[in-house]
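To start, I am sharing the structure in question, which I have written as structure tokens.
The values are calculated or read from the model by the stated rules, or taken from the named source; none is laboratory data. Just so it is clear, the structure is predicted and the values come from calculations on it, not from any experiment. Cβ atoms come from the backbone with ideal geometry, glycine included; neighbour counts cover every protein chain shown. We work out accessible area using only protein heavy atoms, side chains counted, and drop any ligands, DNA or RNA first. Shrake-Rupley method; radii C 1.70, N 1.55, O 1.52, S 1.80 Å.
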Amino acid sequence: MECQRIPVFPLASHTAHVLHTLNKEMGVLESINIQAQALINLSPLKMIPDFKQQISELERQKQDLESRLKEQAEKIEGKLEEPFSHLNRIREEERMQGRAVEAQSEMHPEGKERLVGAIHEPHEAIKFPKKQPEAEEEVESILQQEASRLSLEKRDLEEELDMKDRMIRRLQDQVKTLTKTIEKANHVHLPSGSREYLGMLEYKKEDEGKLIQNLILDLKPRGVVVNMIPGLPAHILFMCVRYADSLNDANMLKSLMNSAINGIKHVVKEHFEDLEMLSFWLSNTCHFLNCLKQYSGEEEFMKYNSPQQNKNCLNNFDLTEYRQILSDVAIRIYHQFIIVMENNLQPIIVPGMLEYESLQGISGLKPTGFRKRSSSIDDTDAYTMTSILQQLSYFYSTMCQNGLDPEIVRQAVKQLFYLVGAVTLNSLLLRKDMCSCRKGMQIRCNISFLEEWLKDKNVQSSLAKETLEPLSQAAWLLQVKKTTDSDAKEIAQCCTSLSAVQIIKILNSYTPIDDFEKRVNPSFVRKVQALLNNRGDSAQLMLDTKNLFQVTFPFTASPHALEMTQIPSSFKLGFLRRL
């Protein structure tokens, strides 16, 4: 009987090992489940929905892993039951045959010997497994294959679970960091209690002068724009306007509006060359103008508001007249802002766009018949195309940091690109040494840098590229062949952004830079001129570099809730009280 138990122990041991492995997997999954649940409990903050979504996805993936492990366990149990049931049948037959031997112990010796021989046949098959090894080897082979496959899957699952665990821990750390940051911000800025505010700021009439002084005249852009909502001073000022409107005090409201407008005019006049100050107050003037529209109670503006914002509309006074005044003030600030930017940009346009030669092989060549031009700029300090791009980037970042509306930014960029094109073209028309094929290649290369800058700043819709079209056509005219009648027709058809006077001037000024080029034949120039006679365009040679495009201030509703506005202590407005 003992010899029949020999194959049972290895199978039982192997089965126990497999079940132990599955239990470990379930334990790992349970641990991950606890960590994920703890992470969810740590994430009640509505400000981090992305983390919640990632945690939910991890939960779903863990559930998939659990179901896969359960299926594996069920399959293994089913396959392990087969050898065990076979062995149990053999043991049951053995017991029955043993009882038969005992019952027939008194039988005839010959019959007894035959019966004992019949009983010993299965004994021999079990005692000497080498005689009938096929069944046991098949069972053992199946178990070994299943164990190998389970081991590989176990390793893959452990790696996957380990990766999920690291991801969960990383998300936990981020949630903890955000939680601490939010708690710190709440501790610093939020008042105690759960009071609901009306989006107004109460002030006394005698404090009006102090309000204008601290909020407008003494306020510096640096440090204010960081971590603040765009146009914060404008929102604070409008909350004071709402308070005067709620009191139905016409004199108080009129005095506040006049003082605010005069204060903005004064600070702009005092800092008429300060680019950052002009940008800051252009932004806040536009935001203040938008607030007067957004909360005017007019249907065309109210449709952009939330229901809570519509509750904050003015109730007693119509400030349409002041909206027009603020619009005029904003236009004057914008024009001064453009002038300051142009004054900073203009000195570097010609050196960067025309004189600096970045194309390889051009720098050592000079037009034949010309001496080297003297320049007040030393070669080591010469402006390049990079200088122009850096200056444009500084203007762009200043406007964005001060919260200027994107549409106003695009209009300003268009104005600056027009200046670059006009100044460069005017200088080209006046300098024969710049009218060559290779200089045309250089100009075309620099224009491509400007176009790439527009794309990088995502302001292609500003129509700034179109303002460079006259310069682009002039660069093309310098490079194109100028010999045959078909060349003359092509020039007349393609140079639509250049006037006839400008085209003829460039052709007459064209100067070969080496022996491979030839001057334009006068007869060819006359052919082109004859084709351009019917144009009827302007006879003016130079472009007007002082031309200003008309500016428009689009209405953009602010998503910021007035009742959530916090006043920084650096504003020194402690005498205001939130209502």
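Which order do Leu65, Leu541 take by accessible area at a 1.4 Å probe, largest first?
Result, largest first: Leu541, Leu65.
Sticking with this structure for a sec: Using 0.36 nm per residue of separation minus the Cα-Cα distance, give me the extension gain between Asp249 and Arg95 in nm, one decimal.
44.5 nm
Roughly what would the spin-label model give for Asp64 and Ala382, points 7 Å off Cα along C-beta, in nm?
6.2 nm
Excluding ligands and nucleic acids, what accessible area in Å² is computed for Asp318 using a 1.4 Å probe, to the nearest 10?
Approximately 120 Å² for this residue.
Could you check the spin-label model distance between Lys205 and Ser151? Points 7 Å from the Cα along Cα→Cβ, value in nm.
For Lys205 paired with Ser151, the spin-label model returns 9.3 nm.
Quick one: if the Förster radius is 22 Å, what FRET efficiency do Gln308 and Met228 give, using the C-beta to C-beta distance and rounding to 0.05?
Here the calculated transfer efficiency is 0.55.
Assuming R0 = 35 Å, can you tell me the calculated FRET efficiency for the pair Glu517 and Asn344, based on Cβ-Cβ distance, to the nearest 0.05?
In this case the efficiency is close to 0.40.
For segment 303-357, rounded, prolate or oblate, judged on the Cα gyration tensor with a ≥ b ≥ c (square roots of eigenvalues), a/c < 1.5 rounded, else prolate if a/b > b/c?
Prolate.
With r as the distance between the Cβ atoms of Asp318 and Leu579 and R0 = 25 Å, compute the FRET efficiency 1/(1 + (r/R0)^6) and round to 0.05.
0.65
Would you mind checking the pairs Lys269/Lys572; Lys265/Lys311; Lys311/Lys455 and listing those with alpha carbons more than 29 angstrom apart?
Listed pairs above 29 Å: Lys265/Lys311; Lys311/Lys455.
Under 12 Å from the Cβ of Gln308, count the other residues' Cβ atoms, weight Lys and Arg +1, Asp and Glu -1, and hand me the total.
Once positives and negatives cancel, what remains is -1.
What ranking of Thr565, Thr177 comes out by heavy-atom accessible area, probe 1.4 Å, highest first?
Thr177, Thr565
Keeping all protein chains in position, work out how much accessible area Lys205 exposes to a 1.4 Å probe, and write it in Å² to the nearest 10.
Its heavy atoms expose roughly 120 Å² to the probe.
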